[in-house]
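Data first, discussion second: the structure below is written as structure tokens.
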Amino acid sequence: MPAARWAERLSLGTYLLVAAGFLALQALALFALGQPAICECGTIRLWHGLASSPETSQQLTDWYTYSHVIHGFGFYLLLWLVAPRLPLGLRLAIAVGLEAGWEMFENTPLIIDRYRQQALAQGYFGDSVVNSVADTLAAAAGFVLARLLAVWAAVGLIIGIELFLAYTIRDNLTLNIIQLVSPSEVISAWQAGG
């Protein structure tokens, strides 16, 4: 039986349960990596607005939450191109699994040390479990938005988010990827305010 056929027989609730399983696996993996459950400051805030602060990536949401929404748009596009016949619920579960996988990898010493080489992340020590799970939920929200919005609106929103973040905190998903893959001293100097 082709994959699309058996996948159509499962309910949306089943796919959401699979997605919840990915979130639980993510949380357990982060605990195993030694990441704190919540900010070591002892409080949980809905929003943390200082980009270069020890509480960045520790609270529920921060400036980088927007980048995770863009991840969701990207996962929607990827899965629409690669597996357009799979049910939307299954593609959402896969997207949550991909984001959870990134979040686990992002919190390994290899990636944490790589981020610390950037001007804006010199004190970075990884995400709290609460922040990481919220980031994955933000990617899921981005996936759903990508499904609901017209293509032009989705592209406009992504460009708007990237420009807004570049202006506001001198960082965004594009700069983050560049700095992670091939760090640029020019970008680092600009991010540091030089």
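The values are calculated or read from the model by the stated rules, or taken from the named source; none is laboratory data. As the structure is a prediction and not an experimental result, all values here were calculated from the model. In this analysis, Cβ positions are derived from the backbone assuming ideal geometry, glycine residues included, and neighbour counts consider all displayed protein chains.
Kindly indicate whether Gly42 is under 26 Å from Asp127 (Cα atoms) and over 19 Å from the mean Cα position of the chain (by Cα). Steps first, answer last, please.
Working: under 26 Å from Asp127 (Cα atoms): yes; over 19 Å from the mean Cα position of the chain (by Cα): yes.
Taking the combined requirement at face value, the residue satisfies it.
Tell me, please, whether a residue that is of a type outside the set (D, E, K, R), in contact with a helix residue (DSSP H, G or I) (Cβ under 6 Å, 6 or more places away or on another chain) and over 15 Å from His71 (Cα atoms) can be found in the stretch 171-178.
Checking the stretch 171-178: not a single residue is of a type outside the set (D, E, K, R), in contact with a helix residue (DSSP H, G or I) (Cβ under 6 Å, 6 or more places away or on another chain) and over 15 Å from His71 (Cα atoms).
Say whether the condition of being of a type in the set (S, T, N, Q) and more than 17 Å from His71 (Cβ to Cβ) is met by at least one residue in the stretch 92-113. Full working, then the answer.
Filtering the stretch 92-113 down to residues of a type in the set (S, T, N, Q) leaves 107-108.
With the extra rule that they be more than 17 Å from His71 (Cβ to Cβ), the set shrinks to 108.
Within the stretch 92-113, one or more residues are of a type in the set (S, T, N, Q) and more than 17 Å from His71 (Cβ to Cβ).
Kindly indicate whether any position in the stretch 119-128 is part of a helix (DSSP H, G or I) and closer than 30 Å to Leu88 by Cβ. Give the derivation first.
Restricting attention to the stretch 119-128, the residues satisfying the condition of being part of a helix (DSSP H, G or I) are 119-121.
This time we only want the ones that are closer than 30 Å to Leu88 by Cβ, so: none.
Within the stretch 119-128 (the criterion being part of a helix (DSSP H, G or I) and closer than 30 Å to Leu88 by Cβ), the answer is no, since none of the residues qualifies.
Among the residues of the stretch 144-194, write down those that are buried (at least 17 other Cβ atoms within 10 Å of the Cβ), within 20 Å of the chain's Cα centre (by Cα) and polar (S, T, N, Q).
Asn172, Asn176, Gln179
Table: residues versus (1) out of contact with any Lys or Arg (no Cβ under 7 Å at 6 or more places or on another chain); (2) surrounded by fewer than 19 Cβ atoms within 10 Å (Cβ to Cβ); (3) aliphatic (A, V, I, L, M).
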residue: Gly21; (1), (2), (3): yes, yes, no
residue: Thr65; (1), (2), (3): yes, no, no
residue: Leu78; (1), (2), (3): yes, yes, yes
residue: Val96; (1), (2), (3): yes, no, yes
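Is it true that Ile111 is outside any loop (DSSP other than H, G, I, E, B), in contact with a helix residue (DSSP H, G or I) (Cβ under 8 Å, 6 or more places away or on another chain), among the aliphatic types (A, V, I, L, M) and modelled with pLDDT under 95?
Details: outside any loop (DSSP other than H, G, I, E, B): yes; in contact with a helix residue (DSSP H, G or I) (Cβ under 8 Å, 6 or more places away or on another chain): yes; among the aliphatic types (A, V, I, L, M): yes; modelled with pLDDT under 95: yes.
Yes: the conditions hold for Ile111.
Tally the residues that are exposed (fewer than 14 other Cβ atoms within 10 Å of the Cβ), free of Cβ contacts under 8 Å to residues at least 40 places away in the same chain, part of a loop (DSSP other than H, G, I, E, B) and of a type in the set (Gly, Ala, Ser), restricting the search to the stretch 23-63.
3
Collect the residues in the stretch 102-143 that are under 23 Å from Ala154 (Cβ atoms) and either crowded, with 17+ Cβ neighbours inside 10 Å or free of Cβ contacts under 8 Å to residues at least 60 places away in the same chain (or both), keeping them in residue-number order.
At the first step, the residues of the stretch 102-143 found to be under 23 Å from Ala154 (Cβ atoms) are 102-103, 134-143.
Residues satisfying the conditions are Trp102, Glu103, Ala134, Asp135, Thr136, Leu137, Ala138, Ala139, Ala140, Gly142, Phe143.
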